[in-house]
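Novice: Got a structure for you, questions after.
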Amino acid sequence: GENVEQHPSTLSVQEGDSAVIKCTYSDSASNYFPWYKQELGKGPQLIIDIRSNVGEKKDQRIAVTLNKTAKHFSLHITETQPEDSAVYFCAALDDFGNEKLTFGTGTRLTIIP
Amino acid sequence: GAGVSQSPSNKVTEKGKDVELRCDPISGHTALYWYRQSLGQGLEFLIYFQGNSAPDKSGLPSDRFSAERTGGSVSTLTIQRTQQEDSAVYLCASSLAGSTDTQYFGPGTRLTVL
């Protein structure tokens, strides 16, 4: 089955700086890669996703890049703000009719004012 | 509109007792998922319901775990003879049709087994 590894497990950045979180996946057939943000006491919320037919997607301060050859994808947050502090999860969905998302173990991002 | 709701928000039980966790998905969503999130860990898939199809139970960790979805809407996750290792946050999510549609998560139920 699919295996998703996520790094780093914790990340602290100064407010205004950029943050990058990286994930690798094992199943070359995977074709959908969402990123979720989880705030304390809440369920995860989708913030951006990318499909295997594109290499990059942006939404304001958030971007995701995908390298299918290397089987890794990354989340980039620019101009970080205190409200970006949360736990971020990457996930991957394979293409063999398997409807299960496999999640990474999460990155706790702390923005230092 | 209303999001995914779960009840109870917290549940403390004694080892060996049975517990039932409830999920109300977003109206009109045909897909429903249960996940388990242990402290400091990612989300572990448990079970997936899609319309009237047979559920995908491949993530259930043991036969003490079961789930049903009545009328294609509300779902109940039941854990029998709870063990301390069952302590976790149980998250429910729903999506319009399938896994490539956005999954909307509920706030979770925090289960503590003493």
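The values are calculated or read from the model by the stated rules, or taken from the named source; none is laboratory data. Since the model is a prediction, treat every value here as computed from it, not as a measurement. Heads up, the Cβs are rebuilt from the backbone with ideal geometry, glycines too, and the neighbour counts pull from every protein chain shown.
Novice: Among (1) modelled with pLDDT of 95 or more; (2) over 13 Å from the mean Cα position of the chain (by Cα), there is one condition A:Ala63 misses while meeting the rest; what is its number?
Specialist: (2)
Novice: On to the next question. Sort out which residues of the range B:14-31 are in a loop (DSSP other than H, G, I, E, B) and basic (Lys, Arg), and write them in order of number.
Specialist: B:Lys15, B:Lys17
Novice: I'd like to verify a number: residues in the range B:21-50 that are exposed (fewer than 13 other Cβ atoms within 10 Å of the Cβ) and over 28 Å from A:Val4 (Cα atoms), how many?
Specialist: Summing the residues that are exposed (fewer than 13 other Cβ atoms within 10 Å of the Cβ) and over 28 Å from A:Val4 (Cα atoms) in the range B:21-50 gives 2.
Novice: Moving on to the next point. When the range A:17-47 is examined, which residues are found to be among the hydrophobic types (A, V, I, L, M, F, W, C), out of contact with any Cys (no Cβ under 8 Å at 6 or more places or on another chain) and more than 20 Å from B:Leu91 (Cα to Cα)?
Specialist: A:Ala19, A:Val20, A:Ala29
Novice: Here is a follow-up. Based on what the data block shows, is B:Gly3 surrounded by fewer than 18 Cβ atoms within 10 Å (Cβ to Cβ), assigned to a loop (DSSP other than H, G, I, E, B), over 11 Å from the mean Cα position of the chain (by Cα) and without any contact (Cβ under 8 Å) to a residue 12 or more places away in the chain? Steps first, please.
Specialist: Numbers: surrounded by fewer than 18 Cβ atoms within 10 Å (Cβ to Cβ): yes; assigned to a loop (DSSP other than H, G, I, E, B): yes; over 11 Å from the mean Cα position of the chain (by Cα): yes; without any contact (Cβ under 8 Å) to a residue 12 or more places away in the chain: no.
Considered against the rule, which asks whether it is surrounded by fewer than 18 Cβ atoms within 10 Å (Cβ to Cβ), assigned to a loop (DSSP other than H, G, I, E, B), over 11 Å from the mean Cα position of the chain (by Cα) and without any contact (Cβ under 8 Å) to a residue 12 or more places away in the chain, B:Gly3 comes out as no.
Novice: Can you pull out the residues in the range A:47-71 that are more than 16 Å from A:Ser28 (Cα to Cα) and either touching a Gly at 6+ places or on another chain (Cβ under 6 Å) or of a type in the set (A, V, I, L, M) (or both)?
Specialist: Once the filter is applied, which keeps residues that are more than 16 Å from A:Ser28 (Cα to Cα) and either touching a Gly at 6+ places or on another chain (Cβ under 6 Å) or of a type in the set (A, V, I, L, M) (or both), the range A:47-71 yields A:Ile47, A:Ile48, A:Ile62, A:Ala63, A:Val64.
Novice: Only one residue in A:Phe103, A:Phe33 is within 12 Å of chain B (Cβ to nearest Cβ) and under 26 Å from B:Asn10 (Cβ atoms), so which one is that?
Specialist: Working: A:Phe33 fails: under 26 Å from B:Asn10 (Cβ atoms).
So the residue among A:Phe103, A:Phe33 that is within 12 Å of chain B (Cβ to nearest Cβ) and under 26 Å from B:Asn10 (Cβ atoms) is A:Phe103.
Novice: What strands (runs of 3 or more DSSP E) completely inside the range B:35-114 contain at least 1 residues that are within 9 Å of another protein chain (Cβ to nearest Cβ) and hydroxyl-bearing (Ser, Thr, Tyr)?
Specialist: B:43-50
Novice: Show the residue pairs that are 6+ apart or on different chains and have beta-carbon atoms under 6 Å apart, the first residue being within the range A:37-60 and more than 19 Å from A:Cys23 (Cα to Cα), the second being modelled with pLDDT of 90 or more and in a loop (DSSP other than H, G, I, E, B).
Specialist: A:Lys42/B:Pro107; A:Gly43/B:Gly106; A:Gly43/B:Pro107; A:Gly43/B:Gly108
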